[in-house]
Structures are given as C-alpha cells and as structure tokens.
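Below is one structure, written out as structure tokens; the observations come after it.
Readers should treat all values here as calculations from the given coordinates under stated rules, not as data from a laboratory. Just so you know, these numbers come straight off a predicted model, no measurement behind them. Cβ coordinates were reconstructed from backbone atoms using ideal geometry, including for glycine residues, and neighbour counts include every protein chain displayed.
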Amino acid sequence: MASSSLSVTMIITKFLIFLLITTTVNSTFLIPITDINLLEFPLNLEYFEAEYFLFGSIGQGLDIIEPALAAGGPPPIGAKQANLSLLIKDIITQFGYQEIGHLRAIKKRVRGFPRPLLNLTAEAFGTLMNAAFGMPLTPPFDPYANDINYLISCYVIPYVGLTGYVGANPNLQGPASRELVAGLLGVESGQDAVIRSLLYERANESVVPYNITVGEFTIKISELRNKLGRDGLKDEGLIVPIELGAEKKIQGNVLAGDEDSLAYGRTPQEILRIIYGTGDEQAPGGFYPKGANGVIAKRYLLR
C-alpha cells in the first residue's frame, strides 16, 4: 500500500515538473543569450512609440496608464497632447495601446530594461527636420500643431523599428523568439502602412506655412535616415524615381520595399545612428540624449 502511494506521488511529481517546464519554455533562461539581447533592443523604440502615441492622442503616458512597464525609467521630456482631429486621434490612440501590448509581450520573454530617457520635445523634432532639409525651417516645425504635422512626425521613428525587426529575424535562434518578432513585425508594419497611406492621400498638399509638400517631407526624412544609417538605400519616401518604384513601373510608393518589394532590414548599429541623429552608434543625442538601454546599445556607448 505504501509502495503504491509512493508511485502515485512520483507520477504526480513528474507531471508537475513537466507542466513547469512546458509553461516556461519562453522564459529568459531557455532563450539563447544572443536572442535575449536582440529581443531586448527593440524595447528602446517600443518605449518611444508608446510614449509618443499615448501622449500625442490622450495626453498621458506609461507612468499613468501602465507604470510597471516603465520599470522606473525617467519620464519623457516635452511629450504632450497634439491638436488632432477625432479620426487621427482615434487611430493614434489605438497605436498607443498596441505599443503597451508590445512592451508587455517582449517583457514576458526577456527581463528587459527600464525606459530610457526620451526627448519628445517639439524642438527635438524641429532639429531633425532642419537636418533633413539642410536649413532651419521658419517657424520651427511643431509636431504637435495639427494632424499633418503629427503624422509627418510619426513617419520619423516607427518605420525604423520595423526595419530593425526585419534585420533581427534571420539572426534569431529560437522558434519562440522568431514567433514573437513575426507578431511584432506584423502590427508594426500595419501601423507604418496606415501612416504612409494617410500621408500619401495628401502627398501633393503643402505643409503650412512652408510651401513644402507632404511628399517632399517624407523624401527628405528618408534621405536623412539613409545618410545617418550609413549603409546604403534602406528608406524611401512616398514618391520615388521610377527606377525605384515597384517593378520600375510607378513612382507612387505607399509602401517602401527593395527591388522585389521586400521590406528593408537594419542592424542595431544602423538604428542607433538614426535615432541618435548623430550617424554614430557611440554618440547619443536626438531623441535619446543619454543613449539607448540594453546590452547591445550599452556595448557601443562603452567603446
């Protein structure tokens, strides 16, 4: 009788151990270390997107809505609610809540890190626009002023995160890691497509008061990102020379892609060069005045 009870106990114990193992397959210690670093790195851009979309649409960020996800990181500088129409506000609010989900999804798999210091001031965006056009815009570009300015500002960073996921995917070892990145990439691509479509609809309209069209803004921003990334053509505006259009037959470019209409990929180094605005992964600045967080970003900062 005792032997039978012991056998039952052993079976139950083995079953519980099996359950424990199967429910922790995505935990940090079962993900290759190289995958952990690559999965953590995008948090830098997901934090940017979450804060910028949330503040822009509803005037509140992670510290009010999901403070645990900020993990004690400093609050963003200069973020505020934008002057948006009901439709654009609704869309951007959706994006903001989606980014909360992205942060949570990544942190379910890896430990992650606290929110980096983000400079989301109008001045930070204005400085980038001046760099894109090679001259100061007068008055300074204000991303929070209206729908079109805000949508142009949304063109600036989210697409960079998309190219980061494309670049990371071939280097991931674990199926759980690739599954996560595929899911993130799907929604990030959708967000980018919505932003580009909204801008494409008004591509030939002038952005007041600059007498510069929406399409020209996207071209200049993409050219700047290519320049800062320092690795060739990986970015395209809403209008392209016909030789860069789909099948070299059209200049409209509502979705960016290579000669086979596949998404471009970027390395962490390229991304850091762009989001810092310095063209140097070792020189923080721009939207990340103290640099990005995580093993990969810190590695370059320590050189």
Next item on the list: Excluding residues fewer than 8 places away in the same chain, name every one of the lysines whose C-alpha is closer than 30 Å to that of Lys220.
Entry: Lys80, Lys89, Lys234, Lys248, Lys249, Lys290, Lys298
Check: GNM, the chain, Cα, under 10 Å: largest mean-square fluctuation among Pro268, Pro114, Pro74?
Finding: Pro74
Checklist line | Kirkwood hydrodynamic radius (C-alpha pairs) into Stokes-Einstein, the stretch 33-301, 10 °C and 1.306 mPa s, D in µm²/s | finding: 86 µm²/s
Checklist line | Alpha carbon centroid spacing (whole Å) that separates the stretch 134-151 from the stretch 82-128 | finding: 19 Å
Next item on the list: For the stretch 44-70 and the stretch 170-188, write down the distance between their C-alpha centroids in whole Å.
Entry: 23 Å
Note to self: Between Gln282, Gln191, Gln173, where does the largest GNM mean-square fluctuation fall for the chain, given springs only between Cα atoms within less than 10 Å?
What the structure shows: Gln173
Check: Which ordering of Leu87, Leu184, Leu301 is given by a fewest-first count of other beta-carbon atoms within 10 Å?
Finding: Leu87, Leu301, Leu184
Next item on the list: Within 10 Å of each residue's Cβ, count the other Cβ atoms and sort Tyr47, Tyr97, Tyr288, Tyr200 from fewest upward.
Entry: Tyr97, Tyr200, Tyr288, Tyr47
Checklist line | the chain, helix-only ellipticity at 222 nm - DSSP H runs n ≥ 4, -39,500 (n - 2.57), divided by all residues, nearest 500 | finding: -17500 deg cm²/dmol
Checklist line | Among Ser197, Ser85, Ser189, residue whose mean-square fluctuation peaks in a GNM of the chain (springs only between Cα atoms under 10 Å) | finding: Ser85
Next item on the list: Treating only the Cβ atoms of Lys and Arg (+1) and Asp and Glu (-1) as charged, compute the dipole magnitude of the stretch 33-301 about its Cα centre; round to the nearest 20 debye.
Entry: 660 debye
Margin query: Need the list of aspartates and glutamates near Lys227 for cross-linking: C-alpha distance under 14 angstrom, and skip anything on the same chain fewer than eight residues off.
Written below: Asp235, Glu236, Glu270, Asp280, Glu281
Next item on the list: Work out the charge dipole of the chain with +1 on the Cβ of Lys and Arg and -1 on the Cβ of Asp and Glu about the Cα centre, then indicate which of Val295, Leu198, Leu162 is farthest towards its positive end.
Entry: Val295
